[in-house]
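These notes are about the structure you will find just below.
The values are calculated or read from the model by the stated rules, or taken from the named source; none is laboratory data. Because the structure is predicted, anything quoted here is derived from the model rather than measured. Backbone-built Cβ (ideal geometry, glycine too); neighbour counts: all protein chains shown.
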Amino acid sequence: MFRPDTIGVTALLGLLTAFGPLATDIYIPSMPEIGRLLGASAGEVQLTLSSYLVGIAIGQIIYGPLCDRYGRKPVLLIALTLFCTASFACAMAPNIESLIVARALQALGGAATVVVPRAIVRDLYSGARAGRELSRIGAIMSFAPIIAPLIGGIVQSTLGWRANFGVIVGIGVFATIIAWRVMPETLHLRSTELLSIGSVLRGYRTVARDREFVFNAGIVAFSYAGLFAWISGSPFVLQGLYGLSPLEFGVAFSISCVGSIVGAALGAYLVVRIGLELTIGLGTLALATGGLAMLASLAFGLPPVSSLVASVVLYHTGFMLAMPQAVAAAMMSSPDRAGAASSLVGVVQQLSAALLGAIVGYTLGRTAWPLAASVTAMGCLALGLWVISSHAMASASSTRLAP
C-alpha cells in the first residue's frame, strides 16, 4: 500500500525521479558517435543536453500549478505519455536538429517526474522528515547515473545510439503502468484559484519573494550547474582527449556517480540529527572541495582520468548532501504552494545548468580546463551562498529575539 514512511512510497518516487538522469546518462556514451553519424559538431551534440534542460524548465513552469489545481496523478500520467512518445521520436531522428527538438519534447514530459514526486513528498512530510525522504529518493535515483552509462556503453557498442532511446521508451512505458496502477492521489486540498497566466505569475511571485526560498534555490542551481558541466563535458574530455572507448567511458562515468549514493545516505542520516541547514553546509563544502581538487589535478599533472573521476566522486557526494535538503527547505517556505515552489526551484536549476552546459560545450578544445574551472566555480558559489544565507538567517533570528 502507498503509505508514508514505507519502502514502497520511496521506491516509486525514486523510480519516477530517476527519469531525468536516466534519459540523459544512458546516451552520453553515444554522444561522439551521434556527432559523427549525424554530421554534427561537439557543440551541436551538446545542445541535445541543453535543449532537454530547457524543456524540463518550461515543463516545470506548467506542471507546478497544474498539479496543485488538478491533482498529482492525472498530470503525471499525461506527462509520462508525452515522455514515451518523444523518446520514440528521439530514436527515429534523421538529423541533429530533429534530435534536439525531440529531446526538448521528451523533457516536457519528463518534467513532471521532477515536480510531482517533490510535491508528493511535501503532501506527506514536513521539515527534516521531508529532507530525509528526498535523500532516500535521491539514493534510489543515484543508481540511474551509475547503471545507465554502463547500459548505454554496451548498447552503443553492440546496437548503436538509436537503441539507447529504445531502451528509454521501454522503461517509460513500464513506469507509466506502475504509476497508473499503484500511485494514489495525495493532494487533499486542491487550489481553487482559476488557472490563468496572471494567477500563475502571482503564485510564482509569492514564492520568489521569500528570502529562504531564494537562498536555497540558488544553492540547488549552482550545485546542479557544476554537476551538469561534468555530464555534458566529460564524454568529449574522457573519450576525445584521453582516448577512452564508449564502454570504458561508461565505467568511468559510473564510478564518478558512486558519490551520489554516499551523499544521499549521509544526508538521510544527518538531516534528522543536525538539521537541514548544517547538512546543506557540509554538502556545499564538499562541492567546493571537489571542484578545487579537479583544478589541482590538472595543475599538478596527476593521472587525468583517475584524478578527474575521484574529484567528481567528492562533488557528487556534496551534491546529494546539499541538494535534497535545499529543495526541502525551499518548499517549506511555501507549504500552500508546494507544486509552484517545486516548479520554480526546478526551473532555476535546469536553466542554470543548460546555460553552463552550453558554455562548456563550446569552450572545450584540446584541454579539460574549461570543464574543471566551471565545476570549481559552481561549487565555490554554492558554498559562498550557504555562508551568506546562514549569516542572514542568524541575523534575522537575533533581531526577532531582541527585546
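Conditions first: (1) farther than 25 Å from E33 by Cα; (2) buried (at least 24 other Cβ atoms within 10 Å of the Cβ). L77 passes all but one, so which condition is the exception?
In the conditions (1) farther than 25 Å from E33 by Cα; (2) buried (at least 24 other Cβ atoms within 10 Å of the Cβ), L77 misses (2) alone.
Does any residue in the stretch 16-41 that is more than 11 Å from N164 (Cβ to Cβ) come within less than 7 Å, Cβ to Cβ, of a residue that is part of a loop (DSSP other than H, G, I, E, B) and at pLDDT below 85 six or more places away or on a different chain, and which pairs are these?
G35/S41
Is it the case that the stretch 50-66 has a residue that's free of Cβ contacts under 8 Å to residues at least 60 places away in the same chain, over 20 Å from the mean Cα position of the chain (by Cα) and either assigned to a helix (DSSP H, G or I) or more than 25 Å from I177 (Cα to Cα) (or both)?
Scanning the stretch 50-66, I find no residue that is free of Cβ contacts under 8 Å to residues at least 60 places away in the same chain, over 20 Å from the mean Cα position of the chain (by Cα) and either assigned to a helix (DSSP H, G or I) or more than 25 Å from I177 (Cα to Cα) (or both), so the answer is no.
Could you count how many residues in the stretch 132-167 are in contact with a helix residue (DSSP H, G or I) (Cβ under 7 Å, 6 or more places away or on another chain) and assigned to a loop (DSSP other than H, G, I, E, B)?
Summing the residues that are in contact with a helix residue (DSSP H, G or I) (Cβ under 7 Å, 6 or more places away or on another chain) and assigned to a loop (DSSP other than H, G, I, E, B) in the stretch 132-167 gives 1.
Mind checking which residues of the stretch 114-131 are assigned to a helix (DSSP H, G or I) and small (G, A, S)?
Our first condition is that a residue be assigned to a helix (DSSP H, G or I); within the stretch 114-131, this holds for 114-124, 127-131.
Within the stretch 114-131, A119, G127, A128, A130, G131 meet the criteria.
One residue is enough: does the stretch 366-386 have a residue meeting the conditions at pLDDT below 85 and not in a helix (DSSP H, G or I)? Step through it out loud before you land on a result.
Initial filter on the stretch 366-386 (at pLDDT below 85): 366-367.
Next cut, not in a helix (DSSP H, G or I) only: 366-367.
Taking every residue of the stretch 366-386 in turn, at least one turns out to be at pLDDT below 85 and not in a helix (DSSP H, G or I).
Which one of the conditions (1) assigned to a helix (DSSP H, G or I); (2) out of contact with any Gly (no Cβ under 7 Å at 6 or more places or on another chain) does L105 fail to meet, given that it meets all the rest?
(2)
Of the residues that sit in the stretch 1-45 and are in a loop (DSSP other than H, G, I, E, B) and at pLDDT 80 or above, which one is nearest to M92 (Cα to Cα)?
From the stretch 1-45, those in a loop (DSSP other than H, G, I, E, B) are 1-6, 18, 26-27, 39-41; that's our starting set.
Pick out the ones that are also at pLDDT 80 or above and you get 18, 26-27, 39-41.
On the way: A18: 23, I26: 16, Y27: 14, G39: 16, A40: 16, S41: 20 Å.
Filtering the stretch 1-45 for residues that are in a loop (DSSP other than H, G, I, E, B) and at pLDDT 80 or above, the one nearest to M92 (Cα to Cα) comes out as Y27.
So which of A299, A341 ends up being over 17 Å from S135 (Cβ atoms) and free of Cβ contacts under 8 Å to residues at least 24 places away in the same chain? Working first, answer last.
Values: A341 fails: free of Cβ contacts under 8 Å to residues at least 24 places away in the same chain.
Checking each option against the conditions leaves just A299.
Counting only residues that are under 16 Å from S256 (Cβ atoms) and surrounded by fewer than 23 Cβ atoms within 10 Å (Cβ to Cβ), how many does the stretch 282-292 have? Steps first, please.
Initially, the stretch 282-292 is screened for residues under 16 Å from S256 (Cβ atoms), giving 286-287, 289-291.
Subset that is surrounded by fewer than 23 Cβ atoms within 10 Å (Cβ to Cβ): 289.
Qualifying residue count, the stretch 282-292: 1.
Please state which one of T279, T317 is under 16 Å from R132 (Cα atoms), touching a helix residue (DSSP H, G or I) at 6+ places or on another chain (Cβ under 8 Å), surrounded by 22 or more Cβ atoms within 10 Å (Cβ to Cβ) and free of Cβ contacts under 8 Å to residues at least 60 places away in the same chain. So that I can check it myself, show each step before the final result.
On the way: T279 fails: free of Cβ contacts under 8 Å to residues at least 60 places away in the same chain.
When all the criteria are applied, what remains is T317.
Any chance you could count how many residues in the stretch 143-168 are surrounded by fewer than 24 Cβ atoms within 10 Å (Cβ to Cβ), at pLDDT 85 or above and farther than 18 Å from L244 by Cα?
Of the residues in that region, 5 qualify.
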